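The values are calculated or read from the model by the stated rules, or taken from the named source; none is laboratory data. This one's a predicted model, so the numbers in the text were calculated from it and none came from an experiment. In this analysis, Cβ positions are derived from the backbone assuming ideal geometry, glycine residues included, and neighbour counts consider all displayed protein chains.
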Amino acid sequence: MMALLLIGLAGVPALGQDAIAQGEQSPLPFGKITILGAATCPLGATEGAACTSVSVACPQVPDLTATVSEAFPVGTPKGTIILANGGGGTTFFNAGFANTYLNDGFRVVQLAWATDWEDTAGVGVKTAACRPASIFRYVFYTVQRGDRTSGFCAQGTSGGGASIAYGLAQYGLSNDFDYVMISGGPGVSRMDYGCDKSLYTGPPLNLCPLLPNAAYAYTGGKQVNGWENTTTCSAKTPLQSDIDKWVADSVVTTGGNYTYPKTGMSWYFCVTPPANDSNGQGKFLIDAVHPKNVPDVNCYSGVCKSESVWQDKNAFNAMVAEMLSQCVPNHQ
């Protein structure tokens, strides 16, 4: 039998030169989660996990199905960690993190979408972000059971990091997340700059000592054009209407919330040449946010490739250590 859970309803200038106006809008509305029933866990599930198929219905976009896994540790859990994969999030993110967190006493949740969560037939990726944001909120009230005495945290790479960032900036999830870790990006922090490099006239993006001039421009615009129903991303002379759409739908945009006094944030980047444009895109968000901590930025080069910073054993160990130490209750 299907069950329906209503999880909540709530009704730019160039970064580096002008301040982003914060909080001018209410958080965007969450969607509705329909529980479809038990599901077979896909490859990469946490040891001992049970999986559920759910459908997410969000305003303005088609419903989308996802598989959600839940794994519970022995004894009293220290909290909950959500793992969100890159790209369209159609596979589980594991990379060795899942069982490690479980064995240290955390509940571990993974999600995999039936098709890319960003695809909305052109409505836009910020609106599409209602889908993962709704699942994050669902996990807070079901797996975490709304508990504020243990940590509620998330780790995402690339598109998974984007889903977390949109959740914080546009959907009010800084009220729930105690700590988040992003690796690689988010690559949609400023889509206007990515689609038209000339729009950014600020200083070099000094991401870290290993990458003092991070790239931010996309190598091609097909994917963004598909998400945003635009046609001129990466074109020589983009249409102003397209630029306006990219500005409005970026993670960092007028009206978003970037002050998170009870949410810690960390970033991990692979900067092995040729460095991915998600590195510079991530810098735009780093410069915009004011989390509980000074944003913690970590770069690794040599062993890792593209956005997979955890391929470096030192990076993997550092990420695990930081998650285990920082996933603590900050909202008591």
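Listed here are the residues, each with its yes/no results for (1) out of contact with any strand residue (DSSP E or B) (no Cβ under 7 Å at 6 or more places or on another chain); (2) surrounded by 24 or more Cβ atoms within 10 Å (Cβ to Cβ); (3) at pLDDT 95 or above.
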site: ARG148; (1), (2), (3): yes, no, yes
site: PHE152; (1), (2), (3): no, yes, yes
site: GLY159; (1), (2), (3): yes, yes, yes
site: ASN175; (1), (2), (3): yes, no, yes
site: VAL180; (1), (2), (3): no, yes, yes
site: GLY184; (1), (2), (3): no, yes, no
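Looking only at segment 156-165, decide whether some residue is under 28 Å from ASN317 (Cα atoms), in a loop (DSSP other than H, G, I, E, B) and either among the hydroxyl-bearing types (Ser, Thr, Tyr) or within 11 Å of the chain's Cα centre (by Cα) (or both).
Of all residues in segment 156-165, those under 28 Å from ASN317 (Cα atoms) come to 156-165.
The next check asks that each one be in a loop (DSSP other than H, G, I, E, B); those that pass are 158.
After this cut, where a residue has to be either among the hydroxyl-bearing types (Ser, Thr, Tyr) or within 11 Å of the chain's Cα centre (by Cα) (or both) as well, the list is 158.
For segment 156-165, residues under 28 Å from ASN317 (Cα atoms), in a loop (DSSP other than H, G, I, E, B) and either among the hydroxyl-bearing types (Ser, Thr, Tyr) or within 11 Å of the chain's Cα centre (by Cα) (or both): present.
Please work out if ASN298 is buried (at least 20 other Cβ atoms within 10 Å of the Cβ) and at negative phi.
Details: buried (at least 20 other Cβ atoms within 10 Å of the Cβ): no; at negative phi: yes.
So ASN298 fails the test.
Residues checked against (1) crowded, with 22+ Cβ neighbours inside 10 Å; (2) among the aliphatic types (A, V, I, L, M); (3) within 22 Å of the chain's Cα centre (by Cα):
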site: ILE35; (1), (2), (3): no, yes, no
site: THR52; (1), (2), (3): no, no, yes
site: VAL56; (1), (2), (3): yes, yes, yes
site: THR65; (1), (2), (3): no, no, yes
site: VAL68; (1), (2), (3): yes, yes, yes
site: ALA71; (1), (2), (3): yes, yes, yes
site: ILE82; (1), (2), (3): yes, yes, yes
site: ASN85; (1), (2), (3): yes, no, yes
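Which one of the conditions (1) crowded, with 16+ Cβ neighbours inside 10 Å; (2) over 30 Å from PRO77 (Cβ atoms) does LEU239 fail to meet, given that it meets all the rest?
The single condition LEU239 does not satisfy is (1).
State the number of residues belonging to segment 247-283 that are of a type in the set (A, V, I, L, M) and surrounded by fewer than 23 Cβ atoms within 10 Å (Cβ to Cβ).
Summing the residues that are of a type in the set (A, V, I, L, M) and surrounded by fewer than 23 Cβ atoms within 10 Å (Cβ to Cβ) in segment 247-283 gives 4.
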